[in-house]
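Quick notes on the structure that follows.
The values are calculated or read from the model by the stated rules, or taken from the named source; none is laboratory data. Values in this document were obtained by computation on a predicted structure and should not be read as measured data. So basically every Cβ, Gly included, is an ideal-geometry build from the backbone, and we count neighbours across all protein chains shown.
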Amino acid sequence: MENRVFYIALGDSLTAGVGASTHDRSFTASFFQAIKQTKECQYMNLGKSGRSSGELLQFLINSKIRDVLKRATHITITTGGIDMIRAYQNNVSFLEYVRTIQTLKQNLRHILRDITEANPNTQVFLMGLYNPGTLDHKLYELANKLIRRINKLYEETAKQFSVHTINPMDSFLNKPHLLADEVHPNDLGYRVISDLFLNKQKFAVPT
């Protein structure tokens, strides 16, 4: 008998569904509706707006959270966007951006380690970053380079833990009609993200 789906969503405002008209329009809710087999399947959204990668890592230290993770069949993660937004808001130098990326890399490695150690049998899906800026933004090209570098880093780190990666960069590049505000997707944008997760899940080999 196939295990009933128990889907846990971890992360930041994207996991929380900020920008969606209702929670049912978030990518996590859409993803769950697509993968659940019966009414007994479960979905737990642990996303929090404004949560950085370091804060997500601290969140996972909680033994109660680790116990919940042990029961999951599917886990999605969105993290890192807040780290980069804070760096931008602080008007840091390019060198500081590089340091932020290095810290993000370390946090990500620990996050994936903690999750896969808690539950080595779950399917884990990690989403990379996208550039919500438009062509006329002064840092558009620099942001593209940094985000592509980060997404490559995500793929390399995830591979070490047999974690599946979703890269939303090209799907959102210079497409403001997918955004509800300067950063967050609208309903259509979240549908795009949900489809990216579902496409990856469809071809994912269960661990």
Inset, instruction - Consider ASN121 carefully, then state whether it is in a loop (DSSP other than H, G, I, E, B), modelled with pLDDT of 95 or more and over 18 Å from ALA16 (Cα atoms). - result: yes
Inset, instruction - Tell me which residues, restricted to segment 7-24, are surrounded by 19 or more Cβ atoms within 10 Å (Cβ to Cβ) and of a type outside the set (Val, Ile, Thr). - result: TYR7, ALA9, LEU10, GLY11, ASP12, SER13, LEU14, ALA16, GLY17, GLY19, ALA20
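Identify all residues within segment 28-85 that are of a type in the set (Lys, Arg), within 24 Å of PRO120 (Cβ to Cβ), surrounded by fewer than 16 Cβ atoms within 10 Å (Cβ to Cβ) and without any contact (Cβ under 8 Å) to a residue 60 or more places away in the chain; write none if there are none.
LYS64, ARG66, LYS70
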Inset, instruction - Could you check how many residues of segment 158-180 are loosely packed, with under 15 Cβ neighbours inside 10 Å, touching a strand residue (DSSP E or B) at 6+ places or on another chain (Cβ under 9 Å) and not small (Gly, Ala, Ser)? - result: 1
Legend entry - Candidate set: segment 158-207, residues that are among the hydroxyl-bearing types (Ser, Thr, Tyr) and part of a loop (DSSP other than H, G, I, E, B); chosen: the one nearest to MET84 (Cα to Cα): SER162
Legend entry - Considering residues of segment 27-66 that are hydrophobic (A, V, I, L, M, F, W, C) and over 28 Å from ILE85 (Cβ atoms) only, the residue farthest from the chain's Cα centre (by Cα): CYS41
Legend entry - Number of the condition not met by ASN45 [criteria: (1) outside any helix (DSSP H, G or I); (2) out of contact with any strand residue (DSSP E or B) (no Cβ under 9 Å at 6 or more places or on another chain)]: (2)
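Quick check, is ASN107 of a type in the set (S, T, N, Q), closer than 20 Å to ILE85 by Cβ, out of contact with any Ser or Thr (no Cβ under 8 Å at 6 or more places or on another chain) and in contact (Cβ under 8 Å) with a residue 40 or more places away in the chain?
no
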Legend entry - Hey, TYR140 farther than 19 Å from ALA16 by Cα, of a type in the set (Phe, Trp, Tyr) and either touching a Gly at 6+ places or on another chain (Cβ under 9 Å) or without any contact (Cβ under 8 Å) to a residue 12 or more places away in the chain (or both) or not: yes
Inset, instruction - Taking GLU155 as the residue in question, decide whether it is assigned to a helix (DSSP H, G or I), surrounded by fewer than 21 Cβ atoms within 10 Å (Cβ to Cβ) and modelled with pLDDT of 95 or more. - result: yes
Inset, instruction - Pick out the one residue from LEU146, LEU179 that is at pLDDT below 95 and over 30 Å from LYS70 (Cβ atoms). - result: LEU146
Inset, instruction - Would you mention how many residues in segment 181-207 are small (Gly, Ala, Ser) and surrounded by 17 or more Cβ atoms within 10 Å (Cβ to Cβ)? - result: 2
Inset, instruction - For segment 120-152, enumerate the residues that are surrounded by 14 or more Cβ atoms within 10 Å (Cβ to Cβ) and in contact with a Pro (Cβ under 7 Å, 6 or more places away or on another chain). - result: GLN123, MET127, GLY128, TYR130
